[in-house]
Amino acid sequence: MMTSPEQTIHIIDDDKAMRDSLSFLLHSAGKASRSYTSAKAFLDSGIDDLDGCIITDVRMPDMNGLELLAELKARGTRAPIIIMTGHGDIPLAVEALKAGAADFLEKPFDDQIILQAIQKAMTSAPDSESDTLKDGFVAELATLSPREKDVLLGVVNGKPNKVIARELGISPRTVEVYRAHVMSKTGAHSLSDLVRMSIAVGL
Amino acid sequence: MGNLENPLQLLPVRFGLSHRQRGWALFFLFAAFFIFGTIRAQLSNLAGGDHRYLFFFIPLIIAVCILSGWRFVLVTGLACLIYSELLSPPVWPPRHMTLPHWITVVVFVLTVFSIAIGGTLMQRTERAAILAADQAMDREKRLNAIISTIRDGIIIIDKNAIIQSFSEAAEGLFGYSAQEVIGKSLTVLMPEPMRSQHHNYMQHYFDTGEKRVIGKIRFVPGLRKDGTQFPIELTVGVLNSNGETYFIGFVRDLTEAEANRKRMQDMQAELIHISRLSMLGEMGSALAHELNQPLSAIANYMKGSARLLEAPEPDLSKIRDALTSAGDQALRAGDIIRHLREFVGKGEAALKPENLHQLIEDTGALALVGLSDNGVHLTYKLSPKTKTVMADKVQIQQVLLNLIRNAYESMRDSQKRDLVVSTNLQKSGEIVISVADTGPGLDPEIVNRLFQPFVSTKTESMGVGLSICRTIVEAHGGTIWFETAPEGGAIFKFTLRKPPEGIDDDQP
Ligand SMILES: Nc1ncnc2c1ncn2[C@@H]1O[C@H](COP(=O)(O)OP(=O)(O)O)[C@@H](O)[C@H]1O
Ligand SMILES: [Mg+2]
């Protein structure tokens with residue numbers, strides 16, 4: 001359960017400030033990192049058997065984060081992949097989680113959050129989402145009201161709040177409220193948690 | 001028309017006589033003939049056979065001429081001649097006749113002929129006139145039929161603005177019947193301030209011939225019988241008839257005419273579009289994304305620095321570098337926002353010389369749409385020195401619309417509901433347009449943020465109106481502010497520029 005300090009974190013972002021600052025933050029937490037300006041630069045760096053963890057932005061020119069994810073999965077990369085998204089990219093992030101990303105983070109993020117995400121991604125194998133958690137989630141799902149379930153399904157399917165609102169004939173703000181209810185009922189700490197668990201139980 | 005040769009057939013037409021009455025007329029004629037004849041015979045018995053008694057029949061012949069045609073005049077003349085000559089002894093055989101007697105007979109015959117000819121001529125002209133009148137009546141009937149089927153209300157007034165004709169559609173629009181308003185002044189159909197200004201407008205037209213309304217489409221408020229106002233589209237034409245001037249107005253109800261409502265909506269949609277409301281939304285997400293990058297970087301630098309500072313011997317140079325980078329990122333965020341403001345403020349506003357007075361009055365009428373609360377009196381005080389202004393018409397309409405609507409809405413619970421839109425030329429050469437109301441004034445809670453977006457005291461409202469106004473006015477190189485009226489209402493004012501010297505200062 002320990003992260004060895006040699007394990008490198010690979011940062012892929014087209015924005016220099018983002019790369020540098022993240023690298024600085026990881027350094028301040030005692031973690032080594034390497035930065036790449038693009039998905040291509042990362043793939044070309046010739047690392048076949050990656051260790052550590054990959055953190056990539058979604059919106060990038062040429063090859064975006066999702067395409068990189070697919071490519072890495074196709075190559076059989078074992079290293080966990082964390083996706084960073086900007087505002088309004090949540091549907092994209094849901095797609096990423098379904099495609100096998102270990103986690104997703106909304107920019108800007110708290111240092112605790114990213115460090116925990118890295119920690120978690122590197123210590124747990126991708127398919128062994130704790131069974132007890134899963135069982136608990138399934139039990140909680142049963143307590144959701146039909147409306148709450150509708151909203152959850154919408155969210156898990158990567159629909160923006162507005163679309164969910166229109167489909168259910170309620171206001172976006174109400175969707176927000178339902179989403180919060182769902183989160184607290186299921187004990188999900190973040191949207192990422194919620195989506196991941198939903199995917200895990202095959203919603 | 002084919003019966004011109006048979007005047008008798010025209011009798012009933014000309015005098016309105018039926019067949020039966022025509023029979024009576026002829027009966028009285030013959031009766032008159034015998035009475036005159038008998039009197040004439042009696043006279044000749046008394047005074048001897050004076051041939052001049054022949055002229056006694058002239059009135060009878062004239063009567064026949066009036067009632068009938070030349071044939072009857074000739075027949076009656078002949079009958080009179082025979083009757084008179086046979087009954088007055090000693091006239092037969094003719095060799096006993098004296099020269100004066102012959103002259104009398106010839107003059108009588110000539111007189112009868114001239115009566116026949118003159119009468120016929122007169123009747124011809126009269127018939128022509130009657131036919132023309134008939135046709136005119138026909139045409140009027142046809143015209144009335146057309147007018148009554150036209151959906152636009154049609155109102156004809158004379159030069160004193162007295163209503164002469166009021167179509168069925170106009171009755172429906174204004175709620176008055178034609179009888180109620182015909183003969184009254186057109187101003188009963190207008191709310192203030194048009195009511196008191198209308199006379200001046202007409203006078204202006206007669207004095208200068210300048211057509212402000214005629215031939216143009218104008219949006220003006222109308223006043224129904226029940227006192228409610230409604231927006232109308234007005235087109236006015238001039239009619240000159242028999243040396244009299246009439247004005248004909250076509251009135252289209254903009255609240256009811258479906259097509260027009262749609263046009264109105266299109267117009268408003270366009271206004272909203274121009275006001276960059278949608279652009280705000282689109283740009284909002286782009287902006288959020290752009291700002292996210294520097295903000296994330298700043299967060300990372302700061303949090304990382306805080307972590308480093310926890311170490312017993314912090315690496316100060318690293319921390320200093322990080323803080324410098326964070327500062328740079330904050331500046332980068334500022335740049336993004338500045339760019340955005342330049343983009344928004346750059347204003348593709350196409351400034352042209354516009355007729356400010358017309359712009360204001362049109363917008364005032366437009367602002368009525370959808371507002372049920374009509375106890376509001378809208379008046380204009382437009383300075384003649386502010387006729388032309390440099391503006392993007394649609395955008396300035398949007399500004400006025402927002403300000404007028406706000407003023408309307410603010411007076412919902414007020415006793416006094418006066419809305420005054422006025423213009424003034426300042427010494428600096430700028431034109432000040434102000435919208436004043438008698439509402440409760442501004443909520444002190446929000447006065448400092450009034451022109452910021454999403455500031456509103458209304459539950460159902462977005463609160464973007466005034467921020468849009470400011471964006472537009474500033475893109476015009478003007479400023480917008482508010483003042484408090486002495487009685488407590490709000491006065492919103494903004495400035496616009498006059499066109500450069502010499503350009504279109506007297507635009508129609
Ligand atoms: N004429 C006025 N009198 C009083 N308050 C006003 C007036 N005009 C604007 N306000 C106040 O300013 C706020 C913002 O106005 P605006 O930006 O047009 O947004 P909205 O009308 O959508 O609320 C209003 O909610 C109202 O409280
Ligand atoms: Mg408003």
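Sequence-distant contacts, meaning Cα pairs under 8 Å at least 6 residues apart, place the relative contact order of chain A at 16 percent.
Want the number for B:A161 to B:L29: 0.36 nm per residue separation, take away the alpha-carbon distance, what's left?
42.2 nm
Between the alpha-carbon centres of segment A:102-116 and segment B:361-433 there is a gap of 53 Å.
Mind running the shape call on segment B:151-253? Use the C-alpha gyration tensor, a ≥ b ≥ c as the square roots of the eigenvalues: rounded below 1.5 for a/c, prolate if a/b tops b/c, oblate otherwise. If you can, show how the numbers build up before the last one.
Details: a/c = 1.56, a/b = 1.32, b/c = 1.19.
In terms of gyration-tensor shape, prolate.
Taking 0.36 nm per residue of sequence separation and removing the Cα-Cα distance, the A:K16/A:K162 pair yields an extension gain of 49.3 nm.
Using the Cβ-Cβ distance between A:R75 and A:A32 with R0 = 25 Å, the FRET efficiency computed as 1/(1 + (r/R0)^6) comes to roughly 0.65.
When segment B:358-466 is described by a simple charge dipole with +1 on each Lys and Arg Cβ and -1 on each Asp and Glu Cβ, the residue from B:F451, B:L403, B:N424 located farthest towards its positive end is B:N424.
How charged is the neighbourhood of A:V175? Take every other residue with its Cβ under 15 Å from the Cβ of A:V175, and add Lys/Arg as +1 and Asp/Glu as -1.
+3
Its DSSP H runs of at least 4 residues, each contributing -39,500 (n - 2.57), put the calculated 222 nm mean residue ellipticity of chain A at -16000 deg cm²/dmol, to the nearest 500. Rounded, prolate or oblate: which fits segment A:5-123, taking a ≥ b ≥ c as square roots of the Cα gyration tensor eigenvalues, rounded meaning a/c under 1.5, else prolate when a/b beats b/c? Verdict is rounded for segment A:5-123.
Backbone N atoms of segment B:410-432 closer than 18 Å to the 7 Å Cα→Cβ label point of B:K381 belong to residues B:416-427, B:431-432. Here B:K381 is the anchor, and the lysines within straight C-alpha reach of less than 19 Å, apart from those fewer than 8 places off in the same chain, are B:K416, B:K427, B:K493, B:K498. With θ taken as phi - 60° and the Karplus curve 6.51 cos²θ - 1.76 cosθ + 1.60 applied, the whole-hertz 3J(HN,Hα) list for segment A:110-117 is 6, 4, 4, 4, 6, 5, 4, 4 Hz, x standing for glycine and proline.
Full extension of the chain between B:R224 and B:I58 gives 53.2 nm of extra length, using 0.36 nm per residue less the Cα-Cα distance.
FYI, it's all coordinate maths here, none of it is from the lab. For clarity, every value in this text was computed on a predicted model and none was experimentally measured. Positions of Cβ are backbone-derived with ideal geometry, glycine not excepted, and every protein chain shown enters the neighbour counts.
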